[in-house]
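The values are calculated or read from the model by the stated rules, or taken from the named source; none is laboratory data. Everything quoted here is computed from the prediction, not taken from an experiment. A quick note on method: Cβ atoms are made from the backbone with ideal geometry, for glycine too, and the neighbour counts reach across all protein chains shown. These accessible areas exclude ligands, DNA and RNA; they are computed on the full protein's heavy atoms, side chains included. Shrake-Rupley method; radii C 1.70, N 1.55, O 1.52, S 1.80 Å.
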Amino acid sequence: MRHAPDPVLAIGDVVKRFGGRTALDGLTLTLRAGEVFALLGPNGAGKTTTINLILGFLRADTGTVRVCGIDAGADPIVAREAIAYIPEQVALYPGLSGRENLRYFTTLAGLALARDEADRLLEQAGLAVEAHTRKAASYSKGMRQKVGIAIALARRARLLLLDEPTSGLDPSASADFSSVVRAAAARGTTVLMATHDLYRVKEVADRVGVLQAGRIVEEIDPARLDHAALERLYIERLAS
Amino acid sequence: MSRALRLLAVETGMVLREKLTWAVLATLFAALLLGAHMGAARVDAERAALAGAAAEEARAVATARETFARYAQPTPAKINAWQDPTNAFGYMTQFLTVHAVKPPSPLAALATGQSDVQPALVRVSFGSSTVFDDVAYELGSAVRLKLGAFDFAFVLAVLVPLAVIALAGTRLSAEGDSGTLRLIAAQPIGPRAVAGAKFGAVAGILVAAILAQAGFALWATGAIRSVAGTTTTLALLAGTLAAYILLWVAACALVATLWRGAVAALSILVLAWTLFTVVVPAAASLAADLLTDKPSRIAAIDASRQVQDDFANGSAGPRLTAQWLNRIPGAAERADLVEAPEIKRLARDAHYDAELDAHRESFRTYDRQIAALSRWLALASPVTTFDFALQGAAGTDAGRHAAFLASAAAYRRTLRAFFEPRIVAQALNPVPVCGGCQARLDFDAYDAVPRFQPTLDLDTGHDASLRALAWLTAVGVGLALPAWVRLRIWPA
């Protein structure tokens, strides 16, 4: 008999409290290889807590978080081998160039990246060649995010975590970003993005979960709805 | 190459690329050069003073010989005993010029220590009666506020921690403030490995740079002219300096694990520096004063005046002089000697010794107590611990000064023991050099007068350095361990 492979991300009935406040209240979510899942929700809904649990920065009070079958709470470093994370603000070392930043962060991940390889990854992420050797202090948010994407590409991670990836990006950079996400999914990378950007969600996500008060209150197939219907449904769920 | 080594190399490169690194190291280098120069200049001045004293001694002997020759001619003129170098008493009280000296050690330029407040040269004379040992100094607590001379020890003990704080104080905290830490933490690596590389890199650079700068500064300014006989002490001091730097780096790491941001980290570290540089030494000094029973010099001076009054007024003087003469064979029947000035003086000094020795002993006991207590109290602060190690190696510590003062007092007793039988012999049986000569007695043993033998116990430097090395290492490990424990997980 053939077993189904482990899901890339399996969050099972997770509860996380901070003092008297419940941040996650029985969150359950399973993502398989190549899926793009968008986590929609207002501020305070539990999106960042979810990401922190997946990265192993927090441990669930009850329930489990597994990345490629590895318990992220018990063995976070091993779990993070499979994860690439791009925060909302990709904060690089301003005194280093884009290339040097990429090589530094991949060194942290245990990779020894040659200069040519680093340049190739930066190009693949969409960073102009002239910017590779320029100090990151002069980078725009979009350029910094491209370095973040290059780090993720270098890592060949199975799970890509994106925290508000398109916030503050101009339309062109945002469109580039969507392409990168789709390309990653096509290579079999699972993507979990926490966002407010319904337009991009509609464009790139396979599934959308509406997170409210620490639990997914509705899961939507964006292919079935146009942008306006998706927005209407989201607002209705938040109001209910 | 393992990931840890690769990361250490990358972090080292990053620290070396920061302008702040070079600015801090350049400033520290200038301070080390200045501190070493100050030490070298002070040692040169001390050597010059000692050479001057030796020349003065030689001149005094030459003058005595000239006087002896000039007066050893028949003449009707008379001279007084105090003008006569052939009179042992006259020579002792008027011509004798000798010094107890504390020569600078080969490493003296490292630390001023107590040298600014304690003498390295004591003139020993018998021209007037002295109750105390011709020393107008109080040792006091040696853990006094450490903000004294701008010397090499000041730079190493006080300014080096600031350099460490400037370069290591915001590691991790600055990344936390900028948000870079979150991207770092998202990589498959634990906080211990990252912190180890970051603090290891800055520690490696600081230890290597400061040791090299310190060595160069000492060599370039001539502060250390030869390392012969001091290599072990210097090696121990280098190890102690490295342990001291690592201790402050460990403190920076521990503060970073509070995850309060760069401003808070710097504030805490500067407060810690102030605490250990100013507050703890001041408190230790206060504690030393409270824990020791300091004798009153005023009371001792009052006692000495009473003893002098007792001897000078009334019948006590002649009675005590007669008693003193009785212990000398052949002198008991010489009633005329009771009024001889030299005999009265010797009897009086012996009486003073007997009556005032308790006071002297109380000062000696206090010196020993305060020195021992200071050694322990210094351990309350890494700054004073390291400073004491440097003073010990330099031979400028309070212990060596106390020993020197004790040896100066002993030298005074040795001189008296040399002159006393000669003075008594001349009093009992004056032997003229020649009939009708001005210089009329036979004392000419000027070269036989005992010389002060300075001591230089270099082992003391070893002990102080070894003690500091062990203690600073223990404190550094004590700071690093909780940091290590707290770095088990990344902050959320």
Would you mind computing, in nm to one decimal, how far apart the modelled labels at B:Leu481 and A:Ala33 are, each placed 7 Å from Cα along Cα→Cβ? 4.8
Under the definition of Cα pairs under 8 Å and six or more residues apart, what whole-number percent is the relative contact order of the stretch B:302-358? 39
Give me the net charge of B:Asp444's neighbourhood, meaning all other residues with Cβ under 13 Å from the Cβ of B:Asp444; Lys, Arg count +1, Asp, Glu -1. -1
Counting helices only, and only those DSSP H runs with n ≥ 4, report the 222 nm mean residue ellipticity of chain B as the sum of -39,500 (n - 2.57) divided by its residues, in deg cm²/dmol to the nearest 500. -21500 deg cm²/dmol
Keeping every protein chain in place, order B:Lys19, A:Lys141, B:Lys198 by accessible area at 1.4 Å, biggest value first, i.e. largest first. B:Lys19, A:Lys141, B:Lys198
Output row, site B:Val117, 7 Å Cα→C-beta label point, backbone N cut-off 14 Å, window the stretch B:391-434, residues B:397-399, B:401-402
If you average the alpha carbon positions of the stretch A:112-142 and of the stretch B:397-425, how far apart do those two centres end up, in angstrom? 80
Just from the alpha-carbon atoms, what are the Rg and Dmax of the stretch B:263-377 in angstroms? 25.2, 88
Could you point to the residue in A:Gly110, A:Pro42, A:Leu9 farthest towards the positive end of chain A's charge dipole, with +1 and -1 charges on the Cβ of Lys/Arg and Asp/Glu respectively? A:Gly110
Residue-averaged beta-carbon neighbours from other chains (10 angstrom radius) around A:94-106: 2
First obtain the Kirkwood hydrodynamic radius of the stretch A:92-240 from its Cα pairs, then insert it into the Stokes-Einstein equation at 10 °C and 1.306 mPa s, and state the resulting D in µm² per second as a whole number. 96
What residues does the stretch A:59-86 have that are buried by at least 40 Å² of accessible area in the full protein assembly compared to the chain on its own, 1.4 angstrom probe? A:Ile77, A:Arg80, A:Tyr85
Report the number of Lys pairs in the protein assembly as shown whose alpha-carbons are under 17 Å apart, with separation of 8 or more residues or on distinct chains. 4
Cα centroid of the stretch B:26-55 to Cα centroid of the stretch B:275-289, whole Å: 28
Rolling a 1.4 angstrom probe over the protein heavy atoms, how many square angstrom per residue are accessible across the protein assembly as shown? 43
Work out from phi, with θ = phi - 60° and the Karplus expression 6.51 cos²θ - 1.76 cosθ + 1.60, the ³J(HN,Hα) of each residue of the stretch B:220-233, listed in order in whole Hz, and give x for Gly and Pro. 5, 8, x, 5, 10, 8, 8, 9, 4, x, 10, 4, 5, 4
Rg over Rh, two decimals, chain B (C-alpha only, Kirkwood Rh): 1.16
How large is the accessible surface of B:Val424 in square angstrom, using a 1.4 angstrom probe and rounding to the nearest 10? 10
What are the principal axis extents of the Cα atoms in the protein assembly as shown, in Å, biggest first? 140, 51, 46
Buried accessible area between B and A (1.4 Å probe, both chains summed, ligands and nucleic acids excluded), in Å² to the nearest 100? 2400
Which far-off residues, 5 or more places away or on another chain, put their amide H under 5 Å from the one on B:Val98, with H placed in the peptide plane? B:Val124
Which stretch or stretches of the stretch A:139-163 have amide N atoms under 19 Å from the point lying 7 Å from A:Ser179's Cα along the Cα→Cβ direction? A:140-154
Tell me, how many Å apart are the Cα centres for the stretch A:35-88 and for the stretch A:156-200? 17
Can you bin the stretch A:89-156 into rounded, prolate or oblate? Criterion: square roots of the alpha carbon gyration tensor eigenvalues sorted a ≥ b ≥ c, rounded for a/c under 1.5, prolate for a/b above b/c, oblate for the rest. rounded
With every protein chain left in place, what is the accessible area of B:Trp484 in Å² (1.4 Å probe, nearest 10)? 140
Quick calc, the protein assembly as shown, dipole around Cα centre from Cβ unit charges on Lys, Arg (+) and Asp, Glu (-), nearest 20 debye, gives 1420
Using the C-alpha gyration tensor of the stretch B:1-112, what are the square roots of 5 times its eigenvalues, in whole angstrom, with the largest one first? 66, 12, 9
Two pseudo-spin positions, 7 Å from Cα along C-beta at A:Arg59 and at A:Ala128, lie apart in nanometres by 4.9
Mind listing the Cα extents of the stretch B:152-252 along all three principal axes, in Å, largest one first? 54, 21, 19
Add -39500 (n - 2.57) for each DSSP H run of 4 or more in chain A, then divide by its residues: what number comes out at 222 nm, to the nearest 500 deg cm²/dmol? -11000 deg cm²/dmol
Quantify, in whole percent, the carbon and sulfur part of the accessible surface of the stretch A:89-156 (1.4 Å probe; protein heavy atoms only). 50
Mean separation of Cα pairs under 8 Å and 6+ residues apart, divided by the residue count of chain A: what relative contact order is that in percent? 26
Sorting A:Asp176, B:Asp387 on solvent-accessible surface, 1.4 Å probe, most exposed first, gives A:Asp176, B:Asp387
Report in % the part of the accessible area of chain B that belongs to carbon and sulfur, leaving out ligands and nucleic acids; probe 1.4 Å. 63
For the charge dipole of chain B, defined by +1 on Lys and Arg C-beta atoms and -1 on Asp and Glu C-beta atoms about the Cα centroid, which residue among B:Leu405, B:Ser125, B:Ala212 has the Cα displaced farthest towards the positive pole? B:Ala212
Contact order relative to length for the stretch B:338-472, counting C-alpha pairs under 8 Å separated by 6 or more residues, stands in percent at 34
Taking the Cα centre as origin and putting +1 on Lys and Arg beta-carbons and -1 on Asp and Glu beta-carbons, what dipole magnitude results for the stretch A:89-156, to the nearest 20 debye? 180
Got a number for the accessible area of A:Arg232? Probe 1.4 Å, square angstrom, nearest 10. 140
Would you list B:Trp471, B:Trp22 from the most to the least accessible area, probe 1.4 Å? B:Trp22, B:Trp471
